[in-house]
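Engineer: The structure that follows is given in the form of structure tokens.
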Amino acid sequence: MRTGVWLVGGRGSVAVTSIVGAVALRAGLAEPTGCVTELPQLRSPALPGLADLVFGGHDVIATPILKKADALADAGVLPGRLVTALQPELAAMDAEVRPAPRGATQAETAALVAADIDEFRRRHELGRVVVVNVSSTEPAAEPHEAHAALDVLREALRGPVPVLPPSSLYAYAAFTAGCSYVDFTPSTGARLPALAQLAHERGVPYAGHDGKTGETLVKSVLAPMFAMRALAVRSWSGANLLGGGDGANLAQPAPNAAKAASKQRVLAETLGYQPQGDTRIEYVEDLGEFKTAWDLVTFRGFLGTAMRLEFSWHGCDSALAAPLVLDLVRLTAAAHRAGRSGPLPELAFFFKDPLGDVEHGLSAQFDALVRMVEGLA
Ligand SMILES: NC(=O)c1ccc[n+]([C@@H]2O[C@H](COP(=O)([O-])OP(=O)(O)OC[C@H]3O[C@@H](n4cnc5c(N)ncnc54)[C@H](O)[C@@H]3O)[C@@H](O)[C@H]2O)c1
């Protein structure tokens, strides 16, 4: 079951960590730590094997994959010995991650993106390709009438003025090429009615948004605890300090706002009310590829007694994200093969801001995932 993984943002930290990880696993040089599809409850013959994944992608930069892998090793994300051992495979990846195409109109750009993916699928004789967005977070998209209906969108894409943000144009191209689409970022991606129509028309599934790898992961475990113990959360404030390319991009106000909004949903939906407090995101260059999150939670117990919880999380974002990218590809490809189309709400376990009306507690999300995999088998 050879399956293609088309990484939008294929030369970034998450993408290159995913590529190095998959190649190292195939060579027997690493363990699948952090890959939830390798847990006994989720291991299934319905999923493509980790060794069956073939990588390609698009990026707007030309940094060689090997050079990026070396930088990630220097930053403590990847073991240097792995990068050295995998040099030939990583050097060969440069031909597979192509320059992001640009046509005269968005319709032309989408056609060029779809043609690159199709050429990759044919050349490697792949049963299926999953397009995964791991590119830089965009500002929230400006509303446009073409987002509401597919025929209006198709017409608008042929015009001179762009109507879709890049993440949504990649989703459009993926669906047009008959591929599934996963959005690991908080960008708009496939979250437009016109794109839902296209996915339905082409019979392809999609999943998103924004990989849940750090502070929000911890929130999705702790918030149900407060709810189940009938404790009243009064405030929940978080400060996220991060470096790397993601941190530099999130230093800009518009992508920062999109990310902060994506991180807030879990509390209101799990507790049933929105406690006071905000999530702040700040770029600290010196942290490199690592992130620190500090959270302060104030809550009231029996007879109004005031209490507090504080936690700090020191994570290596790409090392947390990459195994989830591999999981999502395996699950989405298997869902596509099983004839699923449209949104995959059972993949909420992986996302900060999941599609659909879903449970936000991690444990309930895990149960839904196990049921999905049982159904696929
Ligand atoms: N690492 C995590 O734990 C985590 C968790 C959730 C979400 N994310 C999201 O994943 C994304 C990737 O994170 P990262 O740390 O790899 O960032 P990064 O900055 O290292 O990589 C992003 C890559 O996207 C490329 N890119 C930008 N615009 C593009 C376009 N239009 N087409 C193709 N490529 C484009 C950039 O050139 C860069 O190589 C970010 O949006 C981030 O918010 C990461």
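Engineer: Considering only region 354-377, how many residues are touching a strand residue (DSSP E or B) at 6+ places or on another chain (Cβ under 8 Å) and surrounded by fewer than 17 Cβ atoms within 10 Å (Cβ to Cβ)?
Structural biologist: The total comes to 1.
The rows are residues; the columns are (1) under 22 Å from PHE350 (Cβ atoms); (2) open to solvent by 60 Å² or more (accessible area, probe 1.4 Å); (3) more than 20 Å from the chain's Cα centre (by Cα); (4) touching a residue at least 12 places away in the same chain (Cβ under 8 Å).
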| position | (1), (2), (3), (4) |
| --- | --- |
| SER44 | yes, no, yes, yes |
| LYS68 | no, no, no, yes |
| ASP74 | no, yes, yes, no |
| ARG81 | no, yes, yes, no |
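Engineer: Same structure, new question: From the list GLY57, GLY34, exactly one residue is within 13 Å of the ligand (Cβ to nearest atom) and not in a loop (DSSP other than H, G, I, E, B). Which is it?
Structural biologist: Only one candidate passes the filter, namely GLY57.
Engineer: Where residues in region 119-137 are outside any helix (DSSP H, G or I) and open to solvent by less than 20 Å² (accessible area, probe 1.4 Å), which of them is farthest from the ligand (Cβ to nearest atom)?
Structural biologist: Residue satisfying both the conditions and the ranking: LEU126.
Engineer: Checking GLU215 against (1) modelled with pLDDT of 95 or more; (2) touching a strand residue (DSSP E or B) at 6+ places or on another chain (Cβ under 8 Å); (3) within 25 Å of ALA321 (Cα to Cα): exactly one of these is not met. Which one?
Structural biologist: Condition not satisfied by GLU215: (1).
Engineer: While we're here: Of all residues being charged (D, E, K, R) and away from the ligand (no atom under 16 Å from the Cβ) in region 294-322, which is most open to solvent (accessible area, probe 1.4 Å)? Just the residue, please.
Structural biologist: ARG308
Engineer: OK, next. Looking at (1) within 19 Å of the chain's Cα centre (by Cα); (2) open to solvent by 60 Å² or more (accessible area, probe 1.4 Å), which is the only condition PHE351 fails?
Structural biologist: (2)
Engineer: Quick one: which residue in VAL77, VAL14, VAL23 is within 16 Å of the ligand (Cβ to nearest atom), among the hydrophobic types (A, V, I, L, M, F, W, C) and outside any loop (DSSP other than H, G, I, E, B)?
Structural biologist: VAL14
Engineer: Could you list all residues from region 190-231 that are among the hydrophobic types (A, V, I, L, M, F, W, C), open to solvent by 10 Å² or more (accessible area, probe 1.4 Å) and more than 16 Å from the ligand (Cβ to nearest atom)?
Structural biologist: Correct list: LEU192, ALA196, VAL221, LEU222, MET225, ALA227, MET228, ALA230, LEU231.
Engineer: From the list ALA239, ALA251, ALA257, which one is in contact with a Phe, Trp or Tyr (Cβ under 9 Å, 6 or more places away or on another chain) and open to solvent by 30 Å² or more (accessible area, probe 1.4 Å)?
Structural biologist: Of ALA239, ALA251, ALA257, the one residue that is in contact with a Phe, Trp or Tyr (Cβ under 9 Å, 6 or more places away or on another chain) and open to solvent by 30 Å² or more (accessible area, probe 1.4 Å) is ALA251.
Engineer: Considering region 265-293 alone, what residues qualify as being open to solvent by 30 Å² or more (accessible area, probe 1.4 Å), under 22 Å from ALA140 (Cβ atoms) and either assigned to a strand (DSSP E or B) or within 15 Å of the ligand (Cβ to nearest atom) (or both)?
Structural biologist: ARG265, ARG280, GLU282, TYR283, listed by residue number.
The values are calculated or read from the model by the stated rules, or taken from the named source; none is laboratory data. From a predicted model like this one, the values you see are computed outputs, not experimental measurements. Neighbour counts are summed over all protein chains in view; Cβ atoms, including those assigned to glycine, are modelled from backbone coordinates with ideal geometry. Side chains are part of the model used for accessible areas, which takes the heavy atoms of the whole protein and leaves out ligands, DNA and RNA. Shrake-Rupley method; radii C 1.70, N 1.55, O 1.52, S 1.80 Å.
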